[in-house]
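The values are calculated or read from the model by the stated rules, or taken from the named source; none is laboratory data. Keep in mind the model is a prediction, meaning the values are calculated, not measured. With ideal geometry, Cβ positions are generated from the backbone for all residues, glycine too; neighbour counts draw on all protein chains shown.
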Amino acid sequence: MKRFAILLLALVCAFGTLYAGGGSDANAPYPNNIIQMIVPFGAGGGADISVRLLTNYMEDILGQRIVIQNVSGGSGTIGFSQIASAKPDGYTLGYFASTNSNDSRLFQGVTYGVDDFTPICMYSNDAHVIVVGKNSGIENMEDLIAAAKGKPETITFGLGGAWTSHDFLRISLEEATGVKFKRMVFQGGTAAVTAVAGGNCDVAVPFVSEALAQIQAGNVIPIAITSEERFELLPDVPTCKESGLDFVHTMWRGFVGPAGLPDEVVTTIDNAVKQVFDNPEYIQENLDAGTYSQYMGHEEFAQFYLDNHEQYLELIESEGL
C-alpha cells in the first residue's frame, strides 16, 4: 500500500507539472513550451515595440506563446547577461543590436562577449530621427551645428542609453561636423524625446518608433533622419545627406540565443521570422509603428554579426573608449 501511495503521488506531481506547462518534452519537436524573449530595455522603447510586433505574428507560426520579459538597467547589460547565461535549449532567447557584442569594452563588470551568443537572424535596420524642442529656434541641421559651434559642449544631446547606437551616432556626428555636444543619458530613446518635449534637453536622436507620437503631437520638431533615403512616415523630414552632411547611421536589430544553441532551434526561429516577413499585414503594421523592416537570414547574418563586431571594435579603440 505504501509503494502504491508513493507511485500515485509521483504520477500526480508529474501530471501537475505537465498541466502547468512547467517543462518541455525533450522528445517532442521544438518548440513544445513557452519561449521567453528577453528585451534588455524598458517597455515602450524601440527595442520593445519591434520585438512585440514580430513575436505576435511568430506565435501563430510556432504554435507557442512567446513571453516578453523587459530587463532594463545598465544600458541593457543586465538583460544581455541573462541571455548569455541562459540554458541553450531555445526557451530563453533575446533581442540584440549593433553594439552589444562589444559591451565588455564599454562597461565595467560585463563578462559576456561576441562568442557568448548564437546569432539567429536580423529583422530590422533602424535609422534615427534627430529632434529638437519646438521652442528651441532650431529648424534644421545647419541651425543645430551653428548652435553647437557657438556654444561648445553646451547643447545637450539626449541618448537612449550609454554606449548604444545613440552614443555612436553622437560620436560620428561630432567627427563629421567638428562640434562637441553635452552628453545626456536616458533609459531609452522615448525618455530622451520626452525630455526634449519638456524643454529639459536640447536635442535627441531616438528611433522613429520612439519619437513618432511626440512628432505627430507637435511636441518636438524632426530636423533630419539618418537613413540613406527619406522615410515614408516622415516624408517632409530630409536626410542628413540632403542637409549637407555626408552622414548615414543605422542600427540593426536581431534575435540571438546563448552560445551552443542547437541548429534545430536556430532554423525554427529563423524560418518563423522569414514567414512573418512574407505577411503584408506585418510589414504594414511595422511601418505604421515607425520601424524599418529588413530581414537577414541566419546563414548570412552569422558572418555579418562577426564583421559588425570587428567594425565597432575598431571604432571603440580608435576613440579610446
| said: Looking at 158, 90 in this structure, which one is in a strand (DSSP E or B) and within 20 Å of the chain's Cα centre (by Cα)? | reply: 158
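Here's the yes/no breakdown for (1) touching a strand residue (DSSP E or B) at 6+ places or on another chain (Cβ under 6 Å); (2) surrounded by fewer than 24 Cβ atoms within 10 Å (Cβ to Cβ):
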| residue | (1), (2) |
| --- | --- |
| 163 | no, yes |
| 179 | no, yes |
| 190 | no, no |
| 207 | yes, no |
| 218 | no, yes |
| request: Identify all residues within the stretch 24-76 that are of a type in the set (S, T, N, Q) and modelled with pLDDT under 95; write none if there are none. | output: 24, 27, 50, 72, 75
| remark: Screening 263, 278, 307 for residues that are under 21 Å from residue 57 (Cβ atoms) and outside the structural domain of residue 176 (by TED's automatic domain parsing) leaves only 278
| said: Take residue 194 and tell me if it is surrounded by fewer than 24 Cβ atoms within 10 Å (Cβ to Cβ) and either within 24 Å of residue 242 (Cα to Cα) or of a type in the set (Val, Ile, Thr) (or both). | reply: yes
| Has the stretch 101-108 got any residue that is free of Cβ contacts under 8 Å to residues at least 24 places away in the same chain and surrounded by fewer than 19 Cβ atoms within 10 Å (Cβ to Cβ)? | yes
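Residue by residue, here is whether (1) surrounded by fewer than 17 Cβ atoms within 10 Å (Cβ to Cβ); (2) small (Gly, Ala, Ser); (3) part of a helix (DSSP H, G or I) holds:
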| residue | (1), (2), (3) |
| --- | --- |
| 142 | yes, no, yes |
| 168 | no, no, yes |
| 224 | no, yes, no |
| 230 | yes, no, no |
| 236 | yes, no, no |
| 251 | no, no, no |
| field | residue 67 surrounded by 18 or more Cβ atoms within 10 Å (Cβ to Cβ), in a strand (DSSP E or B) and not polar (S, T, N, Q) | value | no
